[in-house]
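Asker: One structure is given below, represented as structure tokens, and several questions about it will come after.
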Amino acid sequence: MRLNIFTVSGFLLLGCFFQGCTSDLWEQKVCKPVSDEVLKLYRVGDDVMVQYVEVRERDDHLWRRNFLLNANRAALAAHRTPVFFEPKKEQLSEPIPLFIPAPTNSVDLPIYATSKLENGDPFFLVRNGTRSGPYGLPVYNDPHSITAGKILLTPASVAVDATAAVVVRDSVDWSSEDGWHDHLFAPAESPKSRK
């Protein structure tokens with residue numbers, strides 16, 4: 001049997017189809033803040049609790065997230081997932097005012113936050129007159145966004161690749177004198193030329 005351009009085209013189309021069907025499953029998705037929700041800040045001991053609404057790109061699921069700012073600085077700087085927790089009622093007792101935009105006159109508060117943007121992301125903290133920041137809300141890779149694709153597609157990929165390799169191996173007459181290149185690009189034989 002000769003391997004002609006139609007056989008090669010069929011394998012290429014199969015590969016393109018398989019790639020097109022699965023490429024979205026392999027794309028890394030992120031978790032990020034919802035842009036039209038205003039964040040809330042609370043004083044918790046010496047730390048600041050940040051509360052915001054997050055969306056998961058893979059399924060548009062919304063979560064209310066809470067994390068401690070100082071305890072998660074390293075994770076935020078490295079774009080890793082901060083340690084989230086469900087706050088107790090007493091942790092919501094000291095809200096920190098968020099001024100949007102920043103006030104032009106002095107504010108007589110021990111701690112407050114400012115932001116240029118309506119949702120408060122990023123924000124600055126002003127504690128006893130000293131400003132720190134900016135602090136952005138976390139954007140990190142969704143650790144579950146490509147796991148399903150790997151589990152479901154790896155066996156299918158192996159099966160398709162193995163089948164294609166066997167068909168190509170069996171379709172080429174490797175022992176012929178004119179070589180595989182002539183078989184690959186040879187025109188299909190008509191029934192009359194076989195007689």
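Asker: Could you check the range 109-139 and list, in sequence order, the residues that are in contact (Cβ under 8 Å) with a residue 12 or more places away in the chain and among the polar types (S, T, N, Q)?
Answerer: Thr114, Ser115, Asn119, Asn128
Asker: What is the one condition in (1) assigned to a helix (DSSP H, G or I); (2) modelled with pLDDT under 90; (3) loosely packed, with under 12 Cβ neighbours inside 10 Å that Ala74 does not satisfy?
Answerer: Going through the list (1) assigned to a helix (DSSP H, G or I); (2) modelled with pLDDT under 90; (3) loosely packed, with under 12 Cβ neighbours inside 10 Å, Ala74 breaks only (2).
Asker: Determine, yes or no, whether Glu57 is buried (at least 16 other Cβ atoms within 10 Å of the Cβ), touching a strand residue (DSSP E or B) at 6+ places or on another chain (Cβ under 8 Å), of a type in the set (D, E, K, R) and modelled with pLDDT under 85. Walk me through it before giving the result.
Answerer: Numbers: buried (at least 16 other Cβ atoms within 10 Å of the Cβ): no; touching a strand residue (DSSP E or B) at 6+ places or on another chain (Cβ under 8 Å): yes; of a type in the set (D, E, K, R): yes; modelled with pLDDT under 85: yes.
It is false that Glu57 is buried (at least 16 other Cβ atoms within 10 Å of the Cβ), touching a strand residue (DSSP E or B) at 6+ places or on another chain (Cβ under 8 Å), of a type in the set (D, E, K, R) and modelled with pLDDT under 85.
Asker: Among strands (runs of 3 or more DSSP E) lying entirely in the range 90-136, which contain 1 or more residues that are more than 18 Å from Glu37 (Cα to Cα) and polar (S, T, N, Q)? If you could, list the steps in order and put the result at the bottom.
Answerer: Working: elements: 111-114, 123-127, 130-135.
Ranges flagged: 130-135.
The values are calculated or read from the model by the stated rules, or taken from the named source; none is laboratory data. In this text, all values refer to a predicted model and were calculated from it rather than measured experimentally. FYI the Cβ positions are ideal-geometry reconstructions off the backbone, even for glycines, and counts take in every protein chain you see.
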